[in-house]
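Read-outs: derived from the displayed coordinates by stated rules, not from any lab. Note that this is a predicted model, so its numbers are computed, not measured. Because the Cβ atoms are built from the backbone with ideal geometry, glycine has one as well, and the counts that use them run over all protein chains shown.
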Amino acid sequence: MGGRSVTGVVSIIGCGFVADLYMRSLQAMDGLTVAGVYDRDPARLKKFCDHWSLTAVGSLEELLDQHPRNGVVLNLTNPSAHFEINSACLAAGCHTYSEKPLAMTVDEAKQLHRQAEKAGLMLASAPCSVLGEAAQTLGHALRNGIAGPARAIYAELDDGFVPQAAYKKWISESGAPWPYEDEFRVGCTLEHAGYYLGWLISWFGSVRTVVAASAETIPDKEGTGPFAPDLSVATLFFENGPMTRLTCSIVAPHDHQIRIIGDDGVLSCKAAWDNSAKVTFAKRMTIRRRLMESPFPKTVKLSQPTHPKVKRWGAAAMNFMLGPEEMLDAINAGRPSRLSNDFALHMTEVTLAMQNAGETTGAQAMTTRCNPMEPMPWAM
């Protein structure tokens, strides 16, 4: 979709902190419009719609009733409401894009998948950075063997010691506070693992086995618990990919690096939340009996224009509308979406396996499957 616009309509449910990031992204796109917006909090709904000049709708039923069936509903509510809202959207005959996670349990996620499949509807889950330039550039490098066959992958999604951060000062553009209690209850793994899981599953397809551990390492967080694990470490065994280690935490110093170790060197990207993050290749060499990767890595670039970019706001420089745009383009073209129903379900199952691993779970066999994702046309 590089260099061209997609025409389509979305409706928005939920006007919290993340909704402003979607609106900033939508303003960078051509041809996308918002049919209506609903939030259960009338004051928050008015403030959000006034800020972005959008049309407020008085009830969920009214929003779903007026939503065009060739459009996409964005479920941007709190995670505890995702299953209920996603199910209502599908029951109303609406293609649905859900903020992560798709649901809070694997059983609920499977119910949603069955519901969508039976109705012939698209059901996608954030994050959509898998469609962004950085992820697609790494995928291009893998397919073209720039580093040789991939033997192992190390990926980090550590966000610093967040409970000591000034998170009460984190306010969205339209005035929504960062929902710290909800974030601590849901957990950093459910919130963030998908940023690299999405990339990995898009390249290699299904994860066969997850061997993980998770724990709450920082007690007494602010707010009402119980709180989810704030650190998880997972080893992923793909059906057709290299052994991968993925770490998520709000404990360790900020580190969003992914390294793909190949026979000929290392592919790297240091910013999962930046669509324009540099992708590099460090060739392996021997100098005076010392084995090392080149200290002067080469930048890997795509030869074509990619997608509209969004300037950095807070911790991220991501276009949150790449996913809904992909779905709308698929609807218009009459083709399957890259963000398939199987992709959303499988990513949810793997994420929940990481989050819920605890100390003694051991190896977990995944019960869902999905195929690798077709690259974007500009990343072939």
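Over 20 Å from Ile171 (Cβ atoms) and within 20 Å of the chain's Cα centre (by Cα): which single residue out of Leu102, Leu64, Leu60, Leu90 fits that description? Before you say what the answer is, go through the steps one by one.
Values: Leu64 fails: within 20 Å of the chain's Cα centre (by Cα); Leu60 fails: within 20 Å of the chain's Cα centre (by Cα); Leu90 fails: within 20 Å of the chain's Cα centre (by Cα).
Checking each option against the conditions leaves just Leu102.
Give the number of residues within segment 166-194 that are touching a Leu at 6+ places or on another chain (Cβ under 9 Å) and within 14 Å of His346 (Cα to Cα). Explain how you work it out, then say what you get.
Taking segment 166-194 and keeping what is touching a Leu at 6+ places or on another chain (Cβ under 9 Å), we get 172-173, 188-190, 192-193.
Subset that is within 14 Å of His346 (Cα to Cα): 190, 193.
Count: 2.
Would you confirm whether or not segment 349-360 contains a residue that is surrounded by 14 or more Cβ atoms within 10 Å (Cβ to Cβ) and either of a type in the set (D, E, K, R) or more than 20 Å from Thr235 (Cβ to Cβ) (or both)?
Yes, the conditions are met somewhere in segment 349-360.
Tell me, which strands (runs of 3 or more DSSP E) lie completely within segment 266-380 with 2 or more residues that are free of Cβ contacts under 8 Å to residues at least 12 places away in the same chain? First the steps, then the outcome.
Values: elements: 279-287, 290-293, 298-300, 363-365.
Strands (runs of 3 or more DSSP E) meeting the threshold: 279-287, 290-293.
Scan (1) within 24 Å of Ala316 (Cα to Cα); (2) not in a helix (DSSP H, G or I) for the single condition Ala19 breaks and write down its number.
The failed condition is (2).
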